[in-house]
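Contents: one structure, followed by commentary.
The values are calculated or read from the model by the stated rules, or taken from the named source; none is laboratory data. Small disclaimer: the values here were computed from a predicted structure and weren't measured. FYI the Cβ positions are ideal-geometry reconstructions off the backbone, even for glycines, and counts take in every protein chain you see.
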Amino acid sequence: MPSELNTDFLIIGAGFSGLVAAHQLSQAGWKCVVVDRRNHLGGNAYDGYDAAGVLLHHYGPHYFRTNSPRIVEYLSAFTEWREVAYTIKSHVQGRLWSFPINLNTYEELIGRAAESEEFQEWLERNRLPIESPQNSEEVILSQVGHQLYEMFFEGYTMKQWQRHPRELDRSVCGRIPIRTNRDDRYLTENFQALPKAGYTKMLEKMLDASPSVQLFLNMDAAEARAKWNYKYLIFSGAIDDFYQKKFGPLPYRSLRFEPESFTAGQLAERQKLLGENAAPDGFWQTAMQINYPEQNVPWTRIVEIKHATGQQIDATTIVREYPKDWTPDDEPFYPVPTLESQAIYRRYQELATAEQNVTFIGRLATYRYYNMDQVTGMALTASQNLIQRFGTQL
Ligand SMILES: Cc1cc2nc3c(=O)[nH]c(=O)nc-3n(C[C@H](O)[C@H](O)[C@H](O)COP(=O)(O)OP(=O)(O)OC[C@H]3O[C@@H](n4cnc5c(N)ncnc54)[C@H](O)[C@@H]3O)c2cc1C
């Protein structure tokens, strides 16, 4: 029996991509239905309070950053910000190192004070003369040489991706900065901040400002497409899912998160035990994120997001993150950027480009390792194109 439910736009996925598109189309007066198979909005950026009262990013830490004033201005309608200098360390050979590699890391390596020029000369002597690096191994070797590559990149990448860095696109390791000054911020973008009350609250506010949008959770795309008559579909799920994997499955990596909470009393005990190496009051570790590149430790990183959220609370929660092969029961967290996967993706992309009434946006639908600001930009552009094509309903 044909459905009697009507909408202008059916939008699959209530993450950044789907909600930004819905908000824009709603501002133009269009009716939108957004569905998500999870039981919450926000996609992978979803955050909320755990049993210890700590504000956690449930699908791994999400460090918002951007160089785009347009994106900051757009999102600022729904949130205030807390500026953060995201700092991380790397645990190698039984001790903590400054990371990303910077002058402090070099001093730790040689065991004495040094100047930038000396480190630059060291890098010149050690880096490999690779003119146009083709993969993640070459991109790091061409900047720092074997010793630092092996300490910080090779093991970490193998653990995280279950592939050697030379099999992975240069963008995987190439996104991590290498500096000869003392700037030890993890990221390079001009604007680095978290939404003050969290991502979920920010996206809920965006939804509140979208009067002609209805959200349905715990609902799959197939069910929604059978349920509603719609003029146009916006899809932010996995593109190989959309085409029933007709060219074969695209590879993904997944993750397992293991949270552990600590009371103020437990943290004080730990401080006593660790003495001068202890974290400040109310914290379990000395940095927001500590990487574990070595193979004898099963997790890749431990994140204590309270360092970044600035939440004033005595308890804390750390999250150990374990790499995981993707199975159909897991969330597909990372597209795997290899030559073979790109070749499969291109076949799906050809079909997607030929669609007249479907737009594919976001990380999974375009099979690219995009950040939140980038998918926001993509959804803004896609919805503006649709408004140009269909006009407004105001
Ligand atoms: C571990 C991890 C850490 C990250 N860290 C950062 C970071 O520090 N900074 C940063 O900027 N970005 C980070 N990202 C990337 C960020 O999560 C994405 O850029 C952003 O969430 C993409 O939004 P999206 O809406 O495109 O996709 P998603 O957030 O994946 O949302 C897509 C939604 O669609 C739903 N869906 C999929 N298929 C279907 C279907 N068939 N039917 C119904 N619903 C469906 C899913 O349930 C999901 O909720 C990280 C990602 C991961 C996995």
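Some observations on this one:
- Pairs, first at negative phi in region 57-76, second assigned to a loop (DSSP other than H, G, I, E, B) and away from the ligand (no atom under 13 Å from the Cβ), C-beta under 6 Å, six or more apart: Asn67/Asn190
- One residue from Glu276, Glu340 being at pLDDT below 95, farther than 28 Å from Gly13 by Cβ and surrounded by fewer than 18 Cβ atoms within 10 Å (Cβ to Cβ): Glu276
- In the condition set (1) among the polar types (S, T, N, Q); (2) more than 30 Å from Glu355 (Cα to Cα); (3) within 12 Å of the ligand (Cβ to nearest atom), Thr180 is compliant with all but (3).
- Candidates Ile130, Ile101 - the one that is part of a loop (DSSP other than H, G, I, E, B), buried (at least 20 other Cβ atoms within 10 Å of the Cβ) and of a type in the set (A, V, I, L, M): Ile101
- Tabulated pairs, region 204-224, first on the phi > 0 side of the Ramachandran plot and at pLDDT 95 or above, second among the acidic types (Asp, Glu) and away from the ligand (no atom under 15 Å from the Cβ), C-beta under 6 angstrom, 6+ apart or interchain: none
- Given (1) assigned to a helix (DSSP H, G or I); (2) within 14 Å of the ligand (Cβ to nearest atom); (3) surrounded by fewer than 19 Cβ atoms within 10 Å (Cβ to Cβ), number of the condition Glu108 does not satisfy: (2)
- When region 355-375 is filtered for residues that are surrounded by fewer than 24 Cβ atoms within 10 Å (Cβ to Cβ) and either part of a helix (DSSP H, G or I) or of a type in the set (Lys, Arg) (or both), the ones remaining, listed by number, are Arg368, Met372, Asp373, Gln374.
- Between Thr317, Thr286, Thr366, the distinction of being in contact with a Phe, Trp or Tyr (Cβ under 9 Å, 6 or more places away or on another chain), more than 15 Å from the ligand (Cβ to nearest atom) and either within 30 Å of Phe191 (Cα to Cα) or modelled with pLDDT of 95 or more (or both) belongs to Thr317 only.
- When Tyr46, Tyr74 are screened for being within 15 Å of the ligand (Cβ to nearest atom) and under 20 Å from Leu364 (Cβ atoms), only Tyr46 passes.
- Pair list, Cβ < 6 Å and 6+ apart or interchain, from region 108-134 residues that are at negative phi to residues that are among the polar types (S, T, N, Q) and surrounded by fewer than 12 Cβ atoms within 10 Å (Cβ to Cβ): Ser116/Asn181
- Evaluation of Ile140 against the conditions (1) of a type in the set (A, V, I, L, M); (2) in a helix (DSSP H, G or I); (3) within 16 Å of the ligand (Cβ to nearest atom) shows that the sole unmet condition is (3).
- When residues of region 74-86 are limited to those that are buried (at least 17 other Cβ atoms within 10 Å of the Cβ) and outside any loop (DSSP other than H, G, I, E, B), the one nearest to the chain's Cα centre (by Cα): Leu75
- The requirement of being assigned to a helix (DSSP H, G or I), in contact (Cβ under 8 Å) with a residue 24 or more places away in the chain and either surrounded by fewer than 15 Cβ atoms within 10 Å (Cβ to Cβ) or within 15 Å of the ligand (Cβ to nearest atom) (or both) is fulfilled nowhere in region 323-334; no residue meets it.
- Candidate set: region 171-194, residues that are within 15 Å of the chain's Cα centre (by Cα) and at pLDDT 95 or above; chosen: the one surrounded by the most Cβ atoms within 10 Å (Cβ to Cβ): Leu194
- Number of positions in region 376-394 that are within 16 Å of the ligand (Cβ to nearest atom), among the hydroxyl-bearing types (Ser, Thr, Tyr) and either over 15 Å from the mean Cα position of the chain (by Cα) or not in a helix (DSSP H, G or I) (or both): 2
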